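Shown next, in C-alpha cells, is the structure this report addresses.
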Amino acid sequence: MIVLLGVLVVVIGFATKRNPLLVVGVAGIVTGLLGGLSPGKVLAAFGDGFANSRAVTIFAITLPVIGLLERYGLQEQARNLISRFARLTTGRFLALYLGLRQIGAAVGLTNVFGHAQTVRPLAVPMAEGAAERRYGQLPDRTREKVRSFSASADNVGLFFGEDVFLAVGSILLITGFVNTTYGTHLEPLHLALWAIPTAVCAFTVHGWRLLRLDRQLERELLTAHAESAAVEAVK
C-alpha cells in the first residue's frame with residue numbers, strides 16, 4: 001500500500017499548481033523507489049516507457065512547423081477565410097469542426113486534428129473571426145470563452161469518435177480484459193458498433209451547446225456594447 005504514496009504526490013502537485021510534467025515524473029520516481037526498485041531500474045523504466053510511446057513526442061516536430069506558419073500569417077489567413085462565409089457563425093463553425101473531428105477519429109485519423117496542429121492555429125482564429133465579423137472587437141473574457149469552446153469541440157469529438165474505430169487501444173484493451181477475465185469471446189466490432197449511439201448522442205448534446213454559444217455571445221456582447229455606449233454618453 002505504501003507505493004500508493006505516488007498518487008498522493010500527484011494530488012499535492014496538482015493542488016499546488018506545479019508543473020504537470022515535473023509532478024508526474026516525481027510521482028513515478030517515488031512510486032518506483034517505494035516499490036523496491038533501484039534508481040537504475042527506475043531510470044530504465046522511464047526509458048522503456050519513452051521508447052514504447054515515442055509517437056507521443058511527435059509534437060516536437062509539429063510545433064516548430066506550426067510556429068513558422070503562424071509567424072508568416074497563418075492565423076490572419078484563417079480569419080480572412082472565415083470572413084468570406086457570412087452565414088457561418090462561431091457556433092455553427094465549431095459544430096462543423098466537432099463533426100469533422102468525430103468522423104476523423106471514427107476512421108482512425110486521430111492525429112489529423114488536435115489542439116497543437118489544428119485548434120490553436122486554425123480553429124480558434126476562425127471562431128474568433130466569425131464573432132468579430134458580427135460584433136467587432138471581442139473582450140478578453142469573451143475571447144477566452146470562444147477558445148474554451150473550441151478546445152471542447154476537439155476533446156468531445158476525439159473522445160467519443162475514436163471508440164468507433166476497431167483498432168483503437170481502448171477497444172482492444174477492453175476486449176482483451178473481458179475475454180481473459182470472464183472467458184467470453186467479445187469481438188472489437190461489437191464494442192465499436194455500440195459506441196456509435198454514444199457518439200451520436202455526444203454530437204447531438206455538444207453540438208446543441210455549441211449552437212447555443214451564438215445566443216450567449218450575442219447577449220453578452222450587445223450588453224457590453226450598450227454599457228460602453230452609456231459610459232461614453234455620460235462622459
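The values are calculated or read from the model by the stated rules, or taken from the named source; none is laboratory data. Because the structure is a prediction, the values reported are computed rather than measured. Please note: Cβ atoms are built from the backbone with ideal geometry, for glycine as well, and neighbour counts cover all protein chains shown. Areas reflect the complete protein model, heavy atoms only, side chains present, ligands, DNA and RNA absent. Shrake-Rupley method; radii C 1.70, N 1.55, O 1.52, S 1.80 Å.
What does the accessible area per residue of the range 83-150 come to in Å², with a 1.4 Å probe and no ligands, DNA or RNA counted?
50 Å²
Leu69 versus Leu193, label points 7 Å from Cα toward the beta carbon: distance in nm?
Reported label-point gap for Leu69 and Leu193 is 3.9 nm.
What percentage of the solvent-accessible surface of the range 75-132, computed with a 1.4 Å probe over protein heavy atoms, is contributed by carbon and sulfur atoms?
Carbon and sulfur together cover 60 percent of it.
How far apart, in nm, are two points set 7 Å out from the Cα along the Cα-to-Cβ line at Asn111 and at Arg134?
Each label point is offset 7 Å from its Cα along the Cβ direction, giving 3.7 nm.
Distance between Cα centroids, the range 87-146 to the range 147-205: provide it in whole Å.
Answer, in whole Å: 23.
Rounded to the nearest 0.05, what FRET efficiency is calculated for Arg87 and Asn19 with R0 set to 41 Å and r the Cβ-Cβ distance?
It comes to 0.40.
Rounded to the nearest whole Å², what accessible area per residue is found for the range 158-200 with the 1.4 Å probe?
Per residue, the range 158-200 has 67 Å² of solvent-accessible surface.
Relative to the present Cα-Cα distance, how much length would full extension add between Lys41 and His185 at 0.36 nm per residue of separation?
That works out to 48.1 nm of additional length.
Dipole of the range 1-158, Cα-centred, from +1 at each Lys and Arg C-beta and -1 at each Asp and Glu C-beta, to the nearest 20 debye?
Roughly 420 debye for the range 1-158.
For Cys201 and Gln77, FRET efficiency with R0 = 45 Å and r from the beta-carbon atoms, rounded to 0.05?
Here the calculated transfer efficiency is 0.80.
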